[in-house]
1. So, restricting to strands (runs of 3 or more DSSP E) that lie completely within region 73-119, which ones have at least 1 residues that are without any contact (Cβ under 8 Å) to a residue 24 or more places away in the chain?
2. Can you go through D48, D32 and tell me which one is in contact (Cβ under 8 Å) with a residue 12 or more places away in the chain, charged (D, E, K, R) and farther than 24 Å from M14 by Cβ?
3. Against the definition (in contact with a Phe, Trp or Tyr (Cβ under 7 Å, 6 or more places away or on another chain) and either in a strand (DSSP E or B) or under 17 Å from E102 (Cβ atoms) (or both)), how does T62 come out, yes or no?
4. Within region 73-87, is there a residue that is out of contact with any strand residue (DSSP E or B) (no Cβ under 8 Å at 6 or more places or on another chain), surrounded by 15 or more Cβ atoms within 10 Å (Cβ to Cβ) and at pLDDT below 95?
5. Suppose we filter region 8-59 for residues that are exposed (fewer than 15 other Cβ atoms within 10 Å of the Cβ) and outside any loop (DSSP other than H, G, I, E, B); how many remain?
Amino acid sequence: MTTMKVEGGCHCGMVRFEAYVDGPEVEVLDCDCDICRMTGYLHLIVPDSKFRLTEGQRDTATYRFGTGRARHIFCTQCGIKSFYRPRSHPEGISIHWHCLDEGHGLTAKVVKFDGVYPA
């Protein structure tokens, strides 16, 4: 494995991030909770220490629901959630696979993830 720097962000470009991941093959979680299922979110989980928001700190809004533990972070301009703090991995950041810049060099192994929480 090699540590690789990846970059990405939202649709309009106001929110940008960089992260360091061990690749080139990574595990991407396909969560079945309602918000992930409805948005097609694929989770690339990285530790806090390997993630940095490079632009847009003031251009985000946070949404919470259910248990309130997850912090869903959206660009206030275009509405895209390119990363967030997941309930399932509270010490990490979930990066949306589809929000990585093209040419990142990673290959994804998609793994089903049971994210439905009890009512």
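1. Working: elements: 83-85, 92-96, 107-113.
Output list reads 83-85.
2. On the way: D48 fails: farther than 24 Å from M14 by Cβ.
Unique residue meeting the criteria: D32.
3. Details: in contact with a Phe, Trp or Tyr (Cβ under 7 Å, 6 or more places away or on another chain): no; either in a strand (DSSP E or B) or under 17 Å from E102 (Cβ atoms) (or both): yes.
The answer is no for T62.
4. Yes - at least one qualifying residue is present in region 73-87.
5. Here is the first cut: in region 8-59, the ones exposed (fewer than 15 other Cβ atoms within 10 Å of the Cβ) are 11-13, 22, 24-25, 27, 32, 34, 37-40, 47-49, 52, 54-55, 57-58.
Pick out the ones that are also outside any loop (DSSP other than H, G, I, E, B) and you get 22, 25, 27, 34, 37-39, 47-49, 52, 54-55, 57-58.
Total meeting the criteria: 15.
The values are calculated or read from the model by the stated rules, or taken from the named source; none is laboratory data. This one's a predicted model, so the numbers in the text were calculated from it and none came from an experiment. Here Cβ is always computed from backbone atoms with ideal geometry, including for glycine, and neighbour counts include all displayed protein chains.
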